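What follows is one structure encoded as structure tokens, with my remarks underneath.
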Amino acid sequence: MTDETTNCTACGNPMLVRTAEKYNGKCIPCTKGYRKSLDKSRLFYEEQKLHENDPDVLFWRALCERVDNPALGFNSLPGPEKLFFAVCLLEGEIFNGGFEQYSTNSSADYFDYALSGLEKMGDQLGLELTLKAKRLLFHDKAVPKHIERLDYFAATRILDEQEVSDILDELDSAFLKNYEKVLSSRLTAFAIENGFWK
């Protein structure tokens, strides 16, 4: 599998050459019609920059720095922080490129923690949608680590199947709606309950 990139012919954003070949030069958000939603999210995040010194933002930044630090890493995090981190990765990837992007990026290395986090936060629908995506892509097998996943996708070409793509689109939309109604507030409540910030 190649890591070469090119730019989307519709929006100009960078993407993998493999994605361009699959979708006639367009990125997944442009092809699947949720570019406007992403642009709206980008505006939201630009507005969030105004709040870059807010406690939640500072916590997330510090959490990412600990995970990225080779001397610390993900395993150094206490249990609740692991769950929070994994669920945030899941929702961030789905906002950006759906379950397909999540499953092809290293974020899915924390899949089991994301499931546990959704369960602990009481987000039953988010949990069900994530498990449906997992079953669709990996059936009854455990989610492999990143390199193994990429090899699996290259060998099976399951992500090239139109039916799979259509089902993932439906799951993406349902997850994003659920995020706005349920998961966003559950993440914040979980963080406050665990003393991540006040």
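The values are calculated or read from the model by the stated rules, or taken from the named source; none is laboratory data. Since this is a predicted model, take the numbers as computed values, not measurements. No Cβ is skipped: glycine too gets one built from the backbone with ideal geometry, and neighbour counts run over all protein chains shown.
Quick check on the range 87-105: of everything there that is of a type in the set (D, E) and in contact (Cβ under 8 Å) with a residue 60 or more places away in the chain, which residue is farthest from G117 (Cα to Cα)?
E100
Looking only at residues in the range 162-194 that are touching a Pro at 6+ places or on another chain (Cβ under 9 Å) and not aliphatic (A, V, I, L, M), which one is surrounded by the most Cβ atoms within 10 Å (Cβ to Cβ)? Steps first, please.
Looking only at the range 162-194, we keep the residues that are touching a Pro at 6+ places or on another chain (Cβ under 9 Å), and these are 190-191, 193-194.
Right, trim to not aliphatic (A, V, I, L, M) and you get 190, 193-194.
Details: F190: 20, E193: 10, N194: 15.
Among residues in the range 162-194 that are touching a Pro at 6+ places or on another chain (Cβ under 9 Å) and not aliphatic (A, V, I, L, M), the one surrounded by the most Cβ atoms within 10 Å (Cβ to Cβ) is F190.
Test of understanding: among D172, D151, which residue is of a type outside the set (A, V, I, L, M, F, W, C), out of contact with any helix residue (DSSP H, G or I) (no Cβ under 9 Å at 6 or more places or on another chain) and touching a residue at least 12 places away in the same chain (Cβ under 8 Å)?
One residue alone meets the criteria, D151.
Taking the condition buried (at least 17 other Cβ atoms within 10 Å of the Cβ) and within 30 Å of W197 (Cα to Cα), does G92 pass?
The answer is no for G92.
Of the residues K40, K36, K26, K22, which single one is more than 26 Å from N178 (Cβ to Cβ), out of contact with any Phe, Trp or Tyr (no Cβ under 6 Å at 6 or more places or on another chain) and free of Cβ contacts under 8 Å to residues at least 60 places away in the same chain? Walk me through it before giving the result.
Values: K40 fails: more than 26 Å from N178 (Cβ to Cβ); K36 fails: more than 26 Å from N178 (Cβ to Cβ); K22 fails: free of Cβ contacts under 8 Å to residues at least 60 places away in the same chain.
Checking each option against the conditions leaves just K26.
Examine the range 183-190 for a residue that is more than 24 Å from K134 (Cα to Cα), in contact (Cβ under 8 Å) with a residue 24 or more places away in the chain and not aliphatic (A, V, I, L, M), and state whether such a residue exists.
yes
Assuming L58 fulfils every condition listed in (1) outside any helix (DSSP H, G or I); (2) at pLDDT below 95; (3) not aromatic (F, W, Y) apart from one, which condition is it?
(1)
Whether any residue in the range 137-147 is buried (at least 17 other Cβ atoms within 10 Å of the Cβ) and under 22 Å from A191 (Cα atoms) is what I want to check.
no
Taking into account only those residues within the range 19-58 that are crowded, with 16+ Cβ neighbours inside 10 Å and among the aromatic types (F, W, Y), which is nearest to the chain's Cα centre (by Cα)?
Per the criteria, the residue is Y34.
I'd like the residue in the range 149-198 that is aromatic (F, W, Y) and touching a Gly at 6+ places or on another chain (Cβ under 9 Å) and, out of all such residues, is farthest from L58 (Cα to Cα).
Looking at the filtered set, the residue picked out is F175.
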